[in-house]
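The values are calculated or read from the model by the stated rules, or taken from the named source; none is laboratory data. From a predicted model like this one, the values you see are computed outputs, not experimental measurements. Note that each Cβ is placed from the backbone with ideal geometry, even for glycine, and that neighbours are counted across all protein chains shown. Side chains included, ligands, DNA and RNA excluded: accessible areas come from the protein's heavy atoms. Shrake-Rupley method; radii C 1.70, N 1.55, O 1.52, S 1.80 Å.
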Amino acid sequence: MTEPTLTEPTLRNAESPPVLDVRGLWKVFGPNPGRAVRSTLSSAELKEQTGCVAAVRDVSFAVRPGEVFVVMGLSGSGKSTLVRCLTRLIEPTAGEVLLDGENIGKADARRLRELRRHRLAMVFQNFGLLPHRCVLDNVGYGLEIRGSAKAERYARAREVLELVGLTGFETYYPDQLSGGMQQRVGLARALAVDPEVLLFDEPFSALDPLIRREMQNEVIRLHHEVGKTMVFITHDLSEALKLGDRILIMRDGELVQLGTPDEVVGAPADDYVKDFVSEVPKAQVLTLRWIMRDPRPDEPLDGPELAPDVVIQDAARSVLQADRPIRVVADGKLLGLVTGTEVIETMTSGDQ
């Protein structure tokens, strides 16, 4: 069976106001952290001269409505600190985080609680389930904190349990469930409060590969069904490429590259990103846009049509079976041609 993929990046929302707008975000740990803000010193120099560590350094990005926005990097890159700054689980040192234009940094304690209870929800790696509560009560916990009546929260909990495929497990306790099922409960608990933004902090990294792939597919399925804006933190490139509409790559607290999966793989910003993506099979990520070419003189222009955002691997059979060049067309305009030569060169290139 073909695994689901996010084949339609949320470019239709590119002109919409961002749900999350992060501007010049810094998080510095150490004595008098404010003095390290806007420093151009390297991490080692900053530590030596100030005793401070800049976990997040001047990071800016905007998350569009309905987008799956992935932040990835190696251990120590600052990605988990970044996501915690978005909800002020960790207080930023400088910069702004705006949720639908509201500056979260200026929210008082009461307003911050409201935002966390109603508009933002987080799914953690360690599940965070309450061991003495059954599945139904775990899923409804956020609604209980919000003050919802028991009948209302139980009804909502049952709805989202059905959504994540756990109907029939309402009376089970966390220690009676597998790791993957526990993570589904954690996901259901986050969905139960109907948040505007779902934040995932490496939620599947402790799961074995088969369950991890199953949970990735579950996130994709749920995104198609409920359309939530998601910010997903991971250290795994394959996970980032599979889930992300756009990917932000971090190193030493800084933003290295921000782009769609095909942009990251097809046009890495530097040698660091190039090394990251060097083992990625390009035909599974790049689209026809990357390999199309201008028509040659006297070349037939009456072949089949494909859209420029079709992934090369998905288009391979159609291209190879066609007796004429495939026309790459968008909005009725011919953008270029693709033949078996371009497809085969991509699929067999040595840098895959």
Scan the stretch 62-77 and give yes if some residue there is part of a loop (DSSP other than H, G, I, E, B), open to solvent by 20 Å² or more (accessible area, probe 1.4 Å), at pLDDT 90 or above and of a type in the set (Asp, Glu), otherwise no.
-> no
Just a yes or no: is a residue in the stretch 190-197 in contact (Cβ under 8 Å) with a residue 40 or more places away in the chain, assigned to a loop (DSSP other than H, G, I, E, B) and open to solvent by less than 10 Å² (accessible area, probe 1.4 Å)?
-> yes
Residue that is farthest from the chain's Cα centre (by Cα), among those in the stretch 308-352 that are loosely packed, with under 14 Cβ neighbours inside 10 Å, without any contact (Cβ under 8 Å) to a residue 24 or more places away in the chain and not in a helix (DSSP H, G or I) | Asp323
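Regarding Asp275, is this residue of a type outside the set (Lys, Arg), within 27 Å of Thr40 (Cβ to Cβ) and either in contact with a Ser or Thr (Cβ under 6 Å, 6 or more places away or on another chain) or assigned to a helix (DSSP H, G or I) (or both)? Write out each step before concluding.
Details: of a type outside the set (Lys, Arg): yes; within 27 Å of Thr40 (Cβ to Cβ): yes; either in contact with a Ser or Thr (Cβ under 6 Å, 6 or more places away or on another chain) or assigned to a helix (DSSP H, G or I) (or both): yes.
Considered against the rule, which asks whether it is of a type outside the set (Lys, Arg), within 27 Å of Thr40 (Cβ to Cβ) and either in contact with a Ser or Thr (Cβ under 6 Å, 6 or more places away or on another chain) or assigned to a helix (DSSP H, G or I) (or both), Asp275 comes out as yes.
Out of Arg116, Arg133, I need the residue that is touching a Ser or Thr at 6+ places or on another chain (Cβ under 9 Å), open to solvent by 40 Å² or more (accessible area, probe 1.4 Å) and at negative phi. Which one?
Working: Arg133 fails: touching a Ser or Thr at 6+ places or on another chain (Cβ under 9 Å).
Every option except Arg116 fails the conditions.
Considering each of Pro18, Pro92 in turn, give the residue that is in contact with a Cys (Cβ under 9 Å, 6 or more places away or on another chain) and closer than 20 Å to Leu248 by Cα. Quick ask: steps written out before the conclusion?
Values: Pro18 fails: in contact with a Cys (Cβ under 9 Å, 6 or more places away or on another chain).
Of Pro18, Pro92, the one residue that is in contact with a Cys (Cβ under 9 Å, 6 or more places away or on another chain) and closer than 20 Å to Leu248 by Cα is Pro92.
When you look at Asp270, is it under 30 Å from Ser77 (Cα atoms) and open to solvent by 40 Å² or more (accessible area, probe 1.4 Å), yes or no?
Values: under 30 Å from Ser77 (Cα atoms): yes; open to solvent by 40 Å² or more (accessible area, probe 1.4 Å): yes.
Yes, satisfied.
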Any hit, the stretch 162-171, residues being outside any helix (DSSP H, G or I), open to solvent by 50 Å² or more (accessible area, probe 1.4 Å) and within 30 Å of Asn32 (Cβ to Cβ) = no
Considering each residue of the stretch 198-210, count those that are in a loop (DSSP other than H, G, I, E, B) and surrounded by fewer than 23 Cβ atoms within 10 Å (Cβ to Cβ), and give that number.
-> 5
Thr10, sole failed condition from (1) open to solvent by less than 30 Å² (accessible area, probe 1.4 Å); (2) more than 23 Å from Glu263 (Cα to Cα); (3) at pLDDT below 90 | (2)
Restricting the stretch 238-256 to residues that are open to solvent by 20 Å² or more (accessible area, probe 1.4 Å) and touching a Leu at 6+ places or on another chain (Cβ under 8 Å), which is farthest from Ser77 (Cα to Cα)?
-> Lys242
Of the residues in the stretch 78-108 that are open to solvent by 70 Å² or more (accessible area, probe 1.4 Å) and over 12 Å from Val22 (Cα atoms), the one that is farthest from the chain's Cα centre (by Cα) is Asp108
Considering residues of the stretch 119-130 that are modelled with pLDDT under 90 and assigned to a loop (DSSP other than H, G, I, E, B) only, the residue surrounded by the fewest Cβ atoms within 10 Å (Cβ to Cβ) = Asn126
Please work out which one of (1) of a type in the set (Asp, Glu); (2) more than 21 Å from Leu243 (Cβ to Cβ); (3) in contact (Cβ under 8 Å) with a residue 40 or more places away in the chain is the condition Glu305 fails and give its number.
-> (3)
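Going by the structure shown, is Gly303 among the small types (Gly, Ala, Ser), in a loop (DSSP other than H, G, I, E, B) and open to solvent by less than 30 Å² (accessible area, probe 1.4 Å)? First the steps, then the outcome.
Details: among the small types (Gly, Ala, Ser): yes; in a loop (DSSP other than H, G, I, E, B): yes; open to solvent by less than 30 Å² (accessible area, probe 1.4 Å): yes.
Criteria met by Gly303.
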Take the residues in the stretch 234-272 that are under 17 Å from the mean Cα position of the chain (by Cα) and in a loop (DSSP other than H, G, I, E, B), then tell me which one is farthest from Leu20 (Cα to Cα).
-> Asp236
